[in-house]
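The values are calculated or read from the model by the stated rules, or taken from the named source; none is laboratory data. The model shown is predicted, which means the values in this text are computed figures rather than measured ones. So basically every Cβ, Gly included, is an ideal-geometry build from the backbone, and we count neighbours across all protein chains shown. Each accessible area value is taken on the protein alone, full model and side chains, heavy atoms only, with ligands, DNA and RNA left out. Shrake-Rupley method; radii C 1.70, N 1.55, O 1.52, S 1.80 Å.
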Amino acid sequence: MGGIGLARLVAALAIAVSVAGGAAGGGTASSSWDQCTPRQGDLRFRAADGTRLVGHRFGSGRVAVVLAHESRGWLCEWVPYAKRLAARGYLAFPFDFRGYGESQSNPRSNVRIDLDVAAAAKTVRGLGAKKVFLVGASIGGSAVLRAGADTRPLVNGVVSVSGAADLVDATAAVKRLRVPALFVAGRYDLDFAAEARRLYTATASKDKKIVIVGSGEHGSRLVGADAKVRATIEAFLRSH
């Protein structure tokens, strides 16, 4: 792992500890601890290694979109887009990685957030979804690539927004990725456009696309700020 990748991972783990520590005691009778979602719709589930996780269901339908967050955030960052997807007939499922929000910290495997993505995919299938897409931002964009390569049954597509090549073993994962893949990044977002190109080039799937937009926004903020990005993601969901 390069120096930039290691620094990102260290920052991600530090934020995880901070957020987990601040979660206790939050929420009200009608709202979750995070204050961005109602308690109704909260779902608790476990990763394959037993780590306890929490997510929130928006909408319903046979097509589910799992939303994986950034290292400096938690599921709340995806709530506006989850509501948009739900209004368009999707089951949207943002969740907290291990060590974030109300999800359990697992010191022995906190870097294995790809297992959390896989568990979220299994959870939405249990809710009746027949098609499952994985969408991730920043480190979440790296995690969905690894999960997309390893999860069985196969998901229907993977979207990496501002994903880093050196995190969550993403570069190795895309070499065995066989599902449709979309890579999105902002041209002026540090080195993430270059990271998207690296991942795109290494991806084994023949059904792959890369979109670089003229923006400096990153991850979920890029999705929220750029109509072209939202349209591109939603076109990808419809076409697969």
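What the table below lists for this structure:
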item	result
Selection within segment 60-106 - modelled with pLDDT of 95 or more, open to solvent by 10 Å² or more (accessible area, probe 1.4 Å) and of a type in the set (Phe, Trp, Tyr)	Tyr81, Tyr90
Residue list for segment 156-167, filter: farther than 15 Å from Glu70 by Cβ, in contact with a strand residue (DSSP E or B) (Cβ under 7 Å, 6 or more places away or on another chain) and open to solvent by less than 10 Å² (accessible area, probe 1.4 Å)	Gly157, Val158
Filtered residues of segment 173-192 (kept if within 18 Å of the chain's Cα centre (by Cα), more than 16 Å from Thr232 (Cα to Cα) and among the aliphatic types (A, V, I, L, M))	Ala173, Val174, Leu177, Val179
Condition broken by Gly55, with the remaining ones in (1) over 22 Å from Leu237 (Cα atoms); (2) buried (at least 24 other Cβ atoms within 10 Å of the Cβ) satisfied	(1)
Subset of segment 183-196 [crowded, with 24+ Cβ neighbours inside 10 Å and either assigned to a loop (DSSP other than H, G, I, E, B) or out of contact with any His (no Cβ under 8 Å at 6 or more places or on another chain) (or both)]	Phe183, Val184, Ala185, Glu195, Ala196
Unmet criterion (only one of (1) open to solvent by less than 50 Å² (accessible area, probe 1.4 Å); (2) more than 27 Å from Ala48 (Cα to Cα); (3) free of Cβ contacts under 8 Å to residues at least 60 places away in the same chain) for Leu199	(2)
Any hit, segment 225-234, residues being assigned to a loop (DSSP other than H, G, I, E, B) and open to solvent by 20 Å² or more (accessible area, probe 1.4 Å)	yes
Members of segment 202-224 found to be open to solvent by 30 Å² or more (accessible area, probe 1.4 Å) and not aliphatic (A, V, I, L, M), listed by number	Lys206, Asp207, Lys208, Lys209, Gly214, Gly216, Glu217, Arg221, Gly224
Wholly enclosed strands (runs of 3 or more DSSP E) of segment 70-168 bearing at least 2 residues within 25 Å of Tyr200 (Cα to Cα) and not hydrophobic (A, V, I, L, M, F, W, C)	131-137, 157-161
